[in-house]
Amino acid sequence: MSNESLANLLKEERRFAPPAELAANANVTAAAYEQAKADRLGFWAAQARRLSWAKEPTETLDWSNPPFAKWFKDGELNVAYNCVDRHVEAGLGDRTAIHFEGEPGDSRTITYAELQREVSKAANALTELGVEKGDRVAIYMPMIPETVVAMLACARLGAPHSVVFGGFSADALATRIEDADARVVITSDGGYRRGKPSALKPAVDDAVARVDSVRHVLVVRRTGQDVAWTEGRDVWWHEVVDRQPETHEAQPMAAEHPLFILYTSGTTGKPKGILHTSGGYLTQVSYTHHAVFDLKPETDVFWCTADVGWVTGHSYIVYGPLSNGATQVLYEGTPDTPHQGRWWEVVQKYGVTIFYTAPTAIRACMKWGDDIPAKFDLSSLRLLGSVGEPINPEAWMWYRKHIGADKTPIVDTWWQTETGGIMISPLPGVTETKPGSAQVPLPGISATVVDDEANEVPDGGGGYLVLTEPWPSMLRTIWGDDQRYQDTYWSRFQDKYFAGDGAKKDDDGDIWLLGRVDDVMLVSGHNISTTEVESALVSHPKVAEAAVVGATDPQTTQAICAFVILRGGAEEVDGLVEELRSHVAKALGPIAKPKRILPVAELPKTRSGKIMRRLLRDVAENRQVGDVTTLADSTVMDLIQAKLPSASED
Ligand code: 6R9
């Protein structure tokens, strides 16, 4: 970005107060902000006491060697014990931990007592396969209960897991197995996706053949597909796990013992193995799940739709909810299989009360039409959440109206793989929400927006989002590369963690995320965020989704190019493009008027649903489209390019 800070274009006047009943019974009140402000470390020490420690920590934070933090360093605990056993010991063994819903419609209910037996057996099996404390285990699985069991079994043994998203290629899997030097890979024959069994084992066979470290491959039978078998190396889960003793003594681990590595792709170079450890990570994911979702474990049914292969699945399917003794839904498949109302059918079936998903999914539902959720009884829902990208104000309003019956609060939660847990979000019983804004740092979290010289911007200004104090669930390093950890996150602004996101503060001081700074556009001397132009487009009744990029332009440095997906029922009529351009100019000012707008059927997205603007920039600048290997659907770019001749609308 240039010295001129990010322009602040979008104005949002709508406000929604917390429902009175929720506010009156909220887990966390405004007092938490005061407590944390008065004594930040004391506040986190109190949250750590929500967990069961084998040895209580006496020191909260050691920051003597920044940016290498040690939280609760003399404490000891077992993460799996905290997520499973302690609930059974408290008499809650019969409570449902997981309502599993398979894509083909099979279902399974697992209580905390059953989960304890399954995790114990799996831990015994891994021990038999030679897994010891400190050994790394790769997990390449569909969204089935055994995936959660496998992660907890690793945590129980102190064997850091590296979950690799089941949609990744053999190549990506091999790189990750190699970087973490994993000893065992846990996988399945396959999983169900879009109505068909989709194989996983062949990719494991391919990846394992290229690395030296793997001694065993433990295979869950899910689909019954034929699998190639390497005798001595491959073992069936049902043969090895099922015959194990149902008890296993969990050993306490030091608070800073590694819990997992999770790879993020990054824009260039090899993937970064983000390392999370035990005590601080569990403290923050457990607290944030309790505070942000106002979880009442006796009555709520929680559902986070993320894949466990992403950090959202780690923190808000496995460790946050289970540490709080929650009952939750685990769904294997896609939202539109076998029909576009599948998610709402699942909400109705299990009486889901808290629902957490991504803007990309909300916008897909907008595109499919309002009548689809209307066919289901969604009255159990009392709280909605969003994560993964900025949520456009209109998508937020649609979510509230069509899913939340115009009354549920929405928590827009900003965080990253690197932050481990939620950092910026409304508190549902406290915050008056604004569509499109993540609003305020949680109690105990220090975040702000700075300019190029690291000076805090005033209210109404824009710049870079930074975190100014260490937090319990922060990444500890990049696996095997301390230098890259320092360079990537701590060198741009001295002593501050730079998250890579652009942001602004509105006149009330609330934070609005404006997308990755690499995507910010420079138009006639103004820095303009792609997010704001996209939100203006989505506020037009005919637009469900938009992606905006800056393309090199001789007159204005960059010109704004927009790709839009129309809502169900809207047609691409003459004059539509002109109508949309004027609409943006009216909402944000003439400077933000797109030069070109191209209606398309799909947008290029990563497998976690984030729009890949880099590829759209290639299209807009008439270049050969770059690397598409991380796209969820690589044919999307061909479809977009096929439409190109009509793109010019100068
Ligand atoms: C949890 C997760 C992190 C990046 C982050 C930002 C974007 C996530 C957001 C959001 C605006 C939100 N992001 N939540 N942007 N508002 N509520 O998504 O982790 O996959 O590591 O991505 O996602 O750009 O920097 P991860």
| request: With the full set of protein chains in place, find how many percent of the accessible area of the chain is carbon and sulfur; take the probe as 1.4 Å. | output: 47 percent
| Whether the range 228-310 is rounded, prolate or oblate, judged on the alpha carbon gyration tensor where a/c under 1.5 counts as rounded | oblate
| Under a 5 Å amide H to amide H cut-off, with H placed in plane at 1.01 Å, what residues pair with L514 once short-range neighbours are removed? | G502, A503, K504
| task | Could you tell me which of the pairs K272/K593; K434/K593; K37/K610; K375/K505; K11/K296 are separated by over 32 angstrom between their Cα atoms in the structure shown? | result | K272/K593; K37/K610; K375/K505; K11/K296
| query | For the range 500-505, what does the Karplus curve 6.51 cos²θ - 1.76 cosθ + 1.60, with θ = phi - 60°, yield as ³J(HN,Hα) per residue in whole Hz, taken in order and with x for Gly and Pro? | reply | x, 9, x, 7, 9, 10
| What per residue convex hull volume, in Å³, comes out for the range 478-540 when only alpha-carbon positions are used? | 143 Å³
| remark: One finds, for Q486 and A454 with R0 = 22 angstrom and r their Cβ-Cβ distance, a FRET efficiency to the nearest 0.05 of 0.85
| query | In terms of the Cα gyration tensor, with a ≥ b ≥ c the square roots of its eigenvalues, is the range 86-203 rounded because a/c is under 1.5, prolate because a/b exceeds b/c, or oblate? | reply | oblate
| query | Measuring from a point 7 Å past the Cα of D171 along Cα-to-C-beta, which residues in the range 190-214 have an amide N at less than 17 Å? | reply | 203-211
| task | Give the long-range amide H neighbours of H257: residues separated by 5 or more places, or on another chain, with amide H under 5 Å away, using H modelled in the peptide plane at 1.01 Å from N. | result | S278, G279
| message | Roughly how far apart, in whole Å, are the Cα centres of the range 57-84 and the range 464-543? | response | 27 Å
| note | For the chain, the Kirkwood Rh over every pair of distinct alpha carbons, in Å, works out to 25.3 Å
| query | Once amide H atoms are placed 1.01 Å from N in the peptide plane, what residues at a sequence separation of 5 or more from G609, or on another chain, have their amide H within under 5 Å of its amide H? | reply | none
| task | Would you kindly state how much longer the chain becomes between E128 and E579 on full extension, computed as 0.36 nm times their sequence separation minus their alpha carbon distance, in nm to one decimal? | result | 155.7 nm
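Go ahead and run the numbers for FRET between E178 and Q641, Cβ-Cβ distance against an R0 of 22 Å, rounding to 0.05.
Values: r = 35 Å, r/R0 = 1.58.
Once the sixth-power term is evaluated, E becomes 0.05.
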| Length released on extending from D370 to T29, taking residue separation times 0.36 nm less the Cα-Cα span | 119.3 nm
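Give the total of Lys-Lys pairs in the range 39-198 with Cα-Cα distances below 24 Å; include a pair only if its members are 8 or more places apart or on different chains.
Total qualifying Lys-Lys pairs in the range 39-198 comes to 6.
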| Dipole of the range 20-503 [Lys/Arg +1, Asp/Glu -1 at C-beta], most positive-end residue of T223, G388, T408 | T223
| Relative to the present Cα-Cα distance, how much length would full extension add between K11 and D507 at 0.36 nm per residue of separation? | 177.6 nm
| task | For the range 524-646, report the accessible area per residue in Å² (1.4 Å probe, heavy atoms, rounded to an integer). | result | 42 Å²
| Table column - 3J(HN,Hα) (Hz), the range 43-48, Karplus curve with 6.51, -1.76, 1.60, x for Gly and Pro | 4, 5, 4, 5, 5, 4
| said: Quick check on packing: order 529-541, 494-506 by the mean number of other C-beta atoms within 10 Å, highest mean leading. | reply: 529-541, 494-506
| Cα-based Rg of the range 524-646 normalised by 2.2 N^0.38 Å, two decimals | 1.01
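The values are calculated or read from the model by the stated rules, or taken from the named source; none is laboratory data. Being a predicted model, the structure only gives us computed values, none of them experimental. Cβ sites come from the backbone with ideal geometry, for glycine too, and all protein chains shown count toward neighbours. What goes into the accessible areas is simple: the full protein's heavy atoms, side chains included, and nothing from ligands, DNA or RNA. Shrake-Rupley method; radii C 1.70, N 1.55, O 1.52, S 1.80 Å.
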